[in-house]
Each structure stands twice: as C-alpha cells, then as structure tokens.
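Asks: Sharing a structure here in structure tokens format.
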2 protein chains.
Amino acid sequence: MSITIRKIAKDLQLAVSTVSKALSDSYEISAETKRRVLEYAEKLDYVPNLYASSLKQRKSHNIAVVVPEVADSFFSSAINGIESVAQTKGYHVIVYLTHEDLKKEEAILRDFRGGRVDGVLISVSGGAKRNSPIHDLSAKKFPLVFFDRACEEVEAAKVLTDDFESGYKATQHLIDRGCRKIAFLGTSEDLEIIDLRRMGYESALLSNKIKSKKKFILRCGNSEEENYSLIHKLLCRKDRPDGIVGSIEKLATLSYTLCYDLKLKISRDIKIVGFSSLPFASLLNPSLTTITQPAFEMGRTAATLLFNILENKKGEVPNQRIILPSSLMERSSTKK
Amino acid sequence: MSITIRKIAKDLQLAVSTVSKALSDSYEISAETKRRVLEYAEKLDYVPNLYASSLKQRKSHNIAVVVPEVADSFFSSAINGIESVAQTKGYHVIVYLTHEDLKKEEAILRDFRGGRVDGVLISVSGGAKRNSPIHDLSAKKFPLVFFDRACEEVEAAKVLTDDFESGYKATQHLIDRGCRKIAFLGTSEDLEIIDLRRMGYESALLSNKIKSKKKFILRCGNSEEENYSLIHKLLCRKDRPDGIVGSIEKLATLSYTLCYDLKLKISRDIKIVGFSSLPFASLLNPSLTTITQPAFEMGRTAATLLFNILENKKGEVPNQRIILPSSLMERSSTKK
DNA sequence: TTTATTTACGAAACCGTTTTCGTTCCCTTT
DNA sequence: AAAGGGAACGAAAACGGTTTCGTAAATAAA
C-alpha cells in the first residue's frame with residue numbers, strides 16, 4: 001500500500017485539501033503548517049500519484065518524441081536537443097519508436113489522444129501521406145510540432161531544413177568532382193523530405209544538362225537485405241554509376257559496405273555523399289562527405305516551439321515554419 | 001471537452017458501468033448491447049482516458065528503459081530488442097535518458113515510484129554506487145531489471161556479459177598482435193562493468209608478465225573536450241602506448257580522432273580495440289576490432305525477464321542473473 | 001464598537017474509469 | 001408452485017489527487 005495524501009492528513013490531523021495545498025506551496029497555508037507537512041511527507045517518503053493528479057489537472061507534464069528509429073545520428077542528436085529544453089521546463093520526454101511503420105505510428109498517435117502527453121514532436125515515418133488524416137486530426141487535438149519529416153499539408157508548426165537545396169548541393173558537388181552518372185538512393189514511400197531531396201538532385205542534373213535516368217533512382221525499403229540487393233544490382237550494371245547520393249544515413253553506410261564487397265574503390269571508382277549527422281563520418285574509410293543537418297539545434301528549436309504553444313504565448317505565430325541551414329561537409333569520399 | 005464513457009452511457013440510456021464492461025468485452029454484457037456501445041464509441045471516436053483507468057487499475061501498461069544515452073550503438077540496439085518483446089505484450093516502452101548524470105537518474109527513478117511505469121529496465125549511469133540506495137529501494141518497490149550496467153549489490157534480475165573476460169580477451173588480443181604498452185580507457189566513475197573490464201585487462205597483462213602502469217589507465221569523464229585532452233596527453237608521452245582498449249564506444253572513436261590529429265597510423269603505430277556494437281565498425285578507417293556485445297539479444301532477454309516478473313510466473317527465479325556471450329571481432333585496427 | 005477584510009484551514013465535489021454488489025427478469029428444476 | 005440459478009444490467013463506492021467554496025478566527029478599517 002502506497003502512502004497517500006490522505007494518510008498524511010489523518011496523521012497530522014489536517015484536511016486532505018490542506019495537505020495538498022501545503023505540498024504545492026499554496027499561499028493559503030501558513031509557513032508552519034507547510035513545514036510540518038513537508039517534513040512528514042519527506043519522512044514517509046511520500047511520492048504523489050501521477051495518475052491522480054494528471055487526471056484532475058488534465059495535464060501530464062510529458063511530451064512525446066515520435067521517431068522512426070533511434071539508431072540514426074540525426075534522431076539521436078535531435079532527441080538530445082529536445083531533452084535539453086524539456087528539462088528546463090520541468091517536462092519529461094518520452095521517446096516512441098515507429099520503426100518506419102505507419103500502422104504503429106497511427107496507433108501511437110491515437111493513443112496520445114487519451115491524454116498521455118501534453119504535446120508531440122514528430123518526425124513521421126515513411127508512408128505517411130502528405131496530408132495524413134491521423135496527423136491532421138492529432139494536430140487539431142493537441143500541440144504538435146513536426147521536425148525534419150513533416151506532413152506537408154497538415155497545419156502545424158514545422159522545423160525543417162531546405163531539403164531541395166541539400167539535394168541540389170549534394171548532386172552539384174558530385175558533378176563538380178567529375179561525376180556524370182549519379183544515382184539517388186531514396187526510400188520507397190513518399191516522404192516529403194526525400195521527395196524534395198530527389199527533386200533537388202534532378203534539378204541539379206538538369207542545370208548541368210545531364211539526363212536523369214529512372215534506373216538511377218532507387219526506392220529502397222525497410223529491410224537491410226532488400227536494400228543490399230537493390231544497391232548490389234545498381235552497382236553491377238554495365239553503366240554503373242560514378243556517384244551516389246544517399247538520402248538517408250543508413251543508405252550511405254550500406255553503400256560503403258557494398259563498395260567494399262564489390263571491391264569498388266570509393267572516390268576513385270565511385271563517389272558518395274550521404275545525409276548524415278554522424279559525429280564520426282570523418283572516421284569512415286574513406287571519410288564520408290555529408291550533408292549535415294543541425295540535428296541538435298533542430299530538436300531544440302522544435303521543442304521551444306512546442307513549449308511556446310503549450311504556454312500559449314501570444315504574439316507567436318501558431319504554425320510557424322522554421323528552416324534551418326544544413327551544410328555540405330566535404331571529405332574524402334568525393335575527392336577527385 | 002473530450003468524450004467520456006459517461007456521455008456514451010447517457011446517450012445510449014445505459015449505466016456507465018454497463019458501458020465500461022461492454023468496452024472491455026465483459027461476459028456480463030449481451031452481444032447486442034456490446035455492439036451498440038462499440039458502434040457508438042467508434043462513431044464518436046471515443047478514446048479512453050489513460051489516467052483514469054491507470055489510477056483505478058493501478059497499472060500503467062508502460063515499462064521504462066533508462067539509459068545514459070541513445071547515441072551509442074549498444075543502447076540503441078538494446079532498446080530495439082526491448083521494444084520487440086514489449087510490443088507482443090501490449091506494453092509501451094518509454095525511454096529515459098540520464099546523460100550519465102546520477103542526479104538525473106535518481107530523479108527519474110524517484111518519479112517512477114509515483115506509478116508512472118509498471119517496471120523498469122535500466123543500465124545505470126556512471127557514478128552509481130555498487131549498492132546505490134535509490135536503486136535498491138526502487139528494486140524493492142517495483143520490478144526492475146538491470147541490463148549491461150548493473151549495481152552489483154542490489155538484489156534484482158540482471159542481464160550481463162562477462163566483462164572481465166571481455167577485457168581479458170581484448171587485451172590478450174593486443175598482446176598477441178605484439179603490443180606491450182597497452183592503455184585502458186575507462187570512465188571516471190565506478191561503474192562495475194568498467195571495473196571488470198579493467199580487471200580483465202590487468203589480469204591479461206599479468207598473465208603475460210607485463211607490468212600494468214597506472215599512467216596507462218585513464219579515467220575519462222563525461223565531456224568530450226576533457227576526454228580529448230586526456231587522451232591527447234596519453235598519446236604524446238615519450239613512452240606512448242602501442243595499444244588501446246577503449247572500454248566505451250565513444251572512447252574508441254575518440255581515440256581514432258586523436259590518432260588522426262596526431263598523425264599516428266592506427267595498427268602500425270598503435271592498435272585499438274573498442275567495445276562497440278556499431279553496425280559499421282567495419283567501415284571505419286581502419287576497420288575497428290571490437291568486443292561486440294549481443295545488444296539486441298540482451299534487450300530482448302532483459303525485457304522477457306521483466307515480463308516474467310510482471311506476470312509473476314512461478315517456477316521462475318526472481319533475481320536471475322543471465323550472462324550472454326560477447327565476441328571479439330577482429331578487424332584492421334589491430335592488424336600486425 | 002461595528003464592519004470589512006484577510007488569513008488559514010476544512011468539507012465536499014470532481015476528474016473518468018473500474019469494480020463490487022445488488023437487483024431484476026426469466027428460465028429451469030423438482 | 002416454489003425454489004434455485006443464471007443472464008443482463010445498474011447504483012455506488014472506489015482510485016488519489018485538485019479545486020472550489022465555505023467558515024471561523026484574527027486583524028484592519030471605519
């Protein structure tokens with residue numbers, strides 16, 4: 001039997017309301033009574049029941065972070081950024097993993113509607129339609145901020161990078177390094193950011209009068225094995241690409257593995273640039289040229305935005321759209 | 001205003017208890033009534049209030065995973081392992097990050113006592129004393145399973161690897177490759193697993209009649225910069241080590257960075273073996289020889305154990321101690 | 001001195017479920 | 001026909017806090 005506010009009240013000959021107020025440091029209670037209550041609570045090692053207070057107060061002091069996975073440098077850094085601000089606000093951050101499974105994501109969001117969290121920061125998983133009804137509904141039900149991977153048509157705050165430009169820059173960089181047959185590794189489902197990166201890629205090709213080939217645009221899936229064989233096939237073509245844009249971290253590293261396996265020398269035979277926030281991209285063999293997003297900063301910004309909404313600061317645009325700059329970090333994988 | 005069971009009851013001219021039972025598919029309720037309730041609930045998009053039911057039922061259907069950080073391949077994989085079993089049990093897993101801050105860890109555990117979660121899986125942060133009172137108390141308060149980083153003297157289930165043996169193996173491997181001046185990079189606080197790894201290291205040195213030097217045993221901290229300069233100092237000594245055991249993933253990769261900066265050629269000038277579950281350790285330059293723990297499997301096992309406790313399966317030893325094997329993956333960083 | 005105001009506390013309602021007992025009503029038994 | 005036994009549902013008490021609204025005493029204002 002856990003110790004409750006009622007027990008404290010009885011033992012101290014006080015009303016439960018008095019104890020409750022004393023514990024929350026209400027002005028209605030005298031210093032002396034507060035002291036008695038605090039002391040006794042401490043002594044009994046009283047811990048308030050979360051569910052009782054949340055039920056009554058209609059707030060949980062929790063925010064959710066919903067991400068596809070955590071074994072990705074972008075997400076793990078972003079989570080740290082989010083935590084850094086949640087902490088100052090006295091909020092807990094709860095991490096939910098979708099494993100790129102839209103069904104799971106929907107289940108999680110639906111579950112939130114029960115009041116589990118006060119707000120949500122989300123980077124949607126593949127397959128989330130641009131105007132997913134569930135995301136839309138959720139955004140109307142409670143504060144929701146997209147970061148990095150958003151649903152375009154859902155009205156909510158968003159923290160993004162300029163993915164079109166990033167795709168363009170990555171591709172242009174490869175072209176500058178002499179590549180002419182550049183492949184783009186994307187995901188199978190229609191994620192907006194991947195689409196934009198691909199459009200940037202295609203636009204760069206166009207600017208340089210290079211024909212974009214369907215065969216060089218891969219739609220990778222969720223399974224490592226499947227992706228392995230897809231890229232394998234790509235790299236075994238007669239007109240094998242001489243450059244790769246890996247629009248997801250794991251696709252870039254997987255390309256490395258394939259080059260190893262196929263005895264292709266990265267940078268000489270084929271140049272690679274990957275989207276990644278890996279702290280040790282420079283330790284890879286060869287060091288990987290990356291488009292690096294300000295992951296921590298994006299998390300921080302998104303969380304700040306969320307708290308602005310929660311605290312209902314006026315003067316704030318409700319559905320802000322913030323674009324943070326990402327940068328091309330040139331390394332050996334694209335050396336001439 | 002959210003829609004509640006009470007509204008459904010009123011609209012359908014039923015008692016709240018009837019609706020509640022219908023929703024939980026109780027045998028007391030006729031099929032017809034169930035159908036009506038379900039249909040109407042669906043129509044109104046009813047979502048049960050989590051706090052109300054948890055308050056009443058005294059269970060949350062949540063389990064917590066408490067880890068120092070998530071930007072570490074071991075932890076991110078372990079989390080996936082945990083999730084894989086939680087999912088089959090209909091439980092949510094909530095990830096808490098301590099950032100290796102014991103104060104924060106204590107606050108989190110204390111918070112749990114309010115009933116936030118039904119059970120906890122924890123890998124303690126540095127500085128957690130062997131018999132930390134808070135962990136001890138927590139273990140008595142609710143189901144708690146340690147994985148990887150445990151508090152030795154706290155009575156609770158544990159899923160571990162043989163860290164002494166791993167430290168020994170790593171060191172012996174370096175000796176076999178010709179190293180004689182081997183450094184051990186550990187953490188500053190007394191984590192049991194690090195201690196065991198270090199003892200394995202020292203034991204291997206002893207077996208080979210190599211004197212262990214205090215100066216070669218580094219106690220790294222939490223800040224990257226600090227660790228950088230610590231290792232920097234180590235590698236600039238006149239009698240610079242010819243081998244390094246990195247007992248934490250980030251210490252191994254940091255050593256790489258330092259070798260780069262100091263123009264030391266890894267494997268020729270200095271050999272490195274690191275504890276890591278990085279999927280792309282083989283992509284590093286040079287590929288990193290690792291002690292790899294079965295991270296996913298450990299997560300899975302720990303979670304299974306926790307659910308056994310939650311379900312109170314008899315015939316199960318309450319405080320099992322399971323040791324899983326880790327393996328030395330030989331790669332280029334320790335080539336002769 | 002009377003009236004207003006403040007201070008410090010208590011009683012009770014409430015948050016939205018679950019759960020325990022009843023209580024009907026109807027159908028078997030004997 | 002009386003007793004017994006389900007089947008289907010309702011009333012009300014929890015769960016452990018918070019919050020509103022009183023109220024008595026103490027203090028200040030008139």
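The values are calculated or read from the model by the stated rules, or taken from the named source; none is laboratory data. Values in this document were obtained by computation on a predicted structure and should not be read as measured data. Counting neighbours? That spans all protein chains shown, and the Cβs are built from the backbone with ideal geometry, glycine included. In case anyone asks, the SASA skips ligands and DNA or RNA and just uses the protein heavy atoms, side chains included. Shrake-Rupley method; radii C 1.70, N 1.55, O 1.52, S 1.80 Å.
Asks: How many nm separate the modelled label positions at B:LYS213 and A:ASP239, each set 7 Å beyond the Cα in the direction of the Cβ?
Replies: Each label point is offset 7 Å from its Cα along the Cβ direction, giving 6.1 nm.
Asks: Return the long-range amide H neighbours of A:LEU160 (sequence gap of 5 or more, or a different chain), with a cut-off of under 5 Å between placed amide H atoms.
Replies: Amide H to amide H, under 5 Å and 5 or more residues apart or across chains, A:LEU160 pairs with A:ASP148, A:ILE322, A:ILE323, A:LEU324.
Asks: Also: Specify the angular offset, from 0 to 90 degrees and rounded to the nearest 10, of the alpha carbon long axis of helix B:249-261 from the longest principal axis of the alpha carbons in chain B.
Replies: Tilt of helix B:249-261: around 40 degrees.
Asks: Pick out, from B:PHE75, B:THR33, B:LEU328, the residue whose Cα sits farthest towards the positive end of the charge dipole of chain B, with +1 on the Cβ of Lys and Arg and -1 on the Cβ of Asp and Glu.
Replies: After comparing all options, I get B:LEU328.
Asks: Which of the aspartates and glutamates could a cross-linker bridge to A:LYS7, judged by Cα under 18 Å and excluding same-chain residues fewer than eight apart?
Replies: Of all the aspartates and glutamates, those that pass the test against A:LYS7 - Cα under 18 Å, at least 8 places apart if same chain - are A:GLU39, A:GLU42, A:ASP45.
Asks: Let me ask something else. Which part of segment A:260-301 falls in the paramagnetic zone of B:HIS99, meaning amide N under 15 Å from the point 7 Å along Cα-to-beta-carbon?
Replies: It comes to A:296-301, nothing else.
Asks: With r as the distance between the Cβ atoms of B:HIS61 and B:GLN13 and R0 = 30 Å, compute the FRET efficiency 1/(1 + (r/R0)^6) and round to 0.05.
Replies: 0.45
Asks: Loop-only trypsin sites (Lys or Arg not before Pro) in segment B:239-295, please: DSSP not H, G, I, E or B, and at most 16 other Cβ atoms within 10 Å.
Replies: Passing sites in segment B:239-295 are B:LYS263, B:LYS265, B:ARG268.
Asks: If the chain between B:TYR260 and B:ILE3 were fully stretched, how many nm would it gain, using 0.36 nm times the residue separation less the Cα-Cα distance?
Replies: Taking 0.36 nm per residue and subtracting the Cα distance, the gain is 86.4 nm.
Asks: Still on this structure, please answer the following. Roughly how much of B:ILE193 is accessible, in Å² to the nearest 10, using a 1.4 Å probe?
Replies: Accessible surface of B:ILE193 is approximately 10 Å².
Asks: Relative to the present Cα-Cα distance, how much length would full extension add between B:ASN312 and B:LYS141 at 0.36 nm per residue of separation?
Replies: 60.1 nm
Asks: Among A:ILE175, A:TYR201, A:LEU185, whose Cα lies farthest out toward the positive end of the dipole of segment A:165-210, if unit charges sit on the beta carbon of Lys, Arg (+1) and Asp, Glu (-1)?
Replies: In segment A:165-210, that residue is A:ILE175.
Asks: Same structure, new question: Given bins 20 angstrom wide, list per bin the percent of all Cα-Cα distances in chain A, short to long.
Replies: Going from the shortest bin to the longest, the percentages are 28, 44, 20, 8, 0.
Asks: If a/c stays under 1.5 just call it rounded; otherwise compare a/b with b/c (prolate if a/b is bigger, oblate if not). Do that for the protein assembly as shown, with a ≥ b ≥ c from the square roots of the Cα gyration tensor eigenvalues.
Replies: oblate
Asks: Now for a different question. Can you run phi through the Karplus equation (6.51, -1.76, 1.60; θ = phi - 60°) for segment B:211-219 and list ³J(HN,Hα) in whole Hz, with x for Gly and Pro?
Replies: 6, 8, 10, 3, 5, 8, 10, 8, 10
Asks: Hey, another quick one. Quick check for me: using +1 on Lys/Arg Cβ and -1 on Asp/Glu Cβ, what's the dipole size of chain B about its Cα centre, in debye to the nearest 20?
Replies: I would put it at about 680 debye.
Asks: Here's a follow-up. If each label sits 7 angstrom from Cα along the C-beta direction, how far apart, in nm, is A:LEU264 from its counterparts in the other copies?
Replies: Label-point distances to the other copies, shortest first: 3.5 nm.
Asks: Another one. Taking the Cα atoms of segment B:5-48, report the difference between the largest and smallest coordinate on each principal axis, in whole Å and largest first.
Replies: 23, 17, 16
Asks: Return the sequence-ordered ³J(HN,Hα) values of segment A:275-281 in whole Hz as given by the Karplus equation 6.51 cos²θ - 1.76 cosθ + 1.60 applied to θ = phi - 60°, using x for Gly and Pro.
Replies: 7, 6, 10, 4, x, 10, 4
Asks: Now, a different point. Would you mind checking the pairs B:LYS158/B:LYS209; A:LYS263/B:LYS335; A:LYS250/A:LYS335; A:LYS158/A:LYS335; A:LYS104/A:LYS271 and listing those with alpha carbons more than 28 angstrom apart?
Replies: Cα-Cα > 28 Å for B:LYS158/B:LYS209; A:LYS158/A:LYS335; A:LYS104/A:LYS271; rest within.
Asks: In addition: Can you list residues from other chains, or at least 5 along the same chain, whose modelled amide H is less than 5 Å from the amide H of A:LYS181?
Replies: Sorted by chain and number, the residues that satisfy this are A:ASP242, A:GLY243.
Asks: Where in segment B:170-196 does the label zone of B:GLU152 land, with the point 7 angstrom along Cα→C-beta and an amide N cut-off under 17 Å?
Replies: Within reach of a label on B:GLU152, which here means backbone N under 17 Å from a point 7 Å along Cα→Cβ, segment B:170-196 contributes B:187-196.
Asks: Short version: ³J(HN,Hα) in whole Hz for each residue of segment B:55-62, in order, from phi by Karplus 6.51 cos²θ - 1.76 cosθ + 1.60 (θ = phi - 60°), x for Gly and Pro, what are they?
Replies: Coupling constants for segment B:55-62: 4, 6, 7, 6, 8, 10, 6, 10 Hz.
Asks: Relative to the present Cα-Cα distance, how much length would full extension add between B:ILE322 and B:ASP162 at 0.36 nm per residue of separation?
Replies: Value of the extension gain: 56.6 nm.
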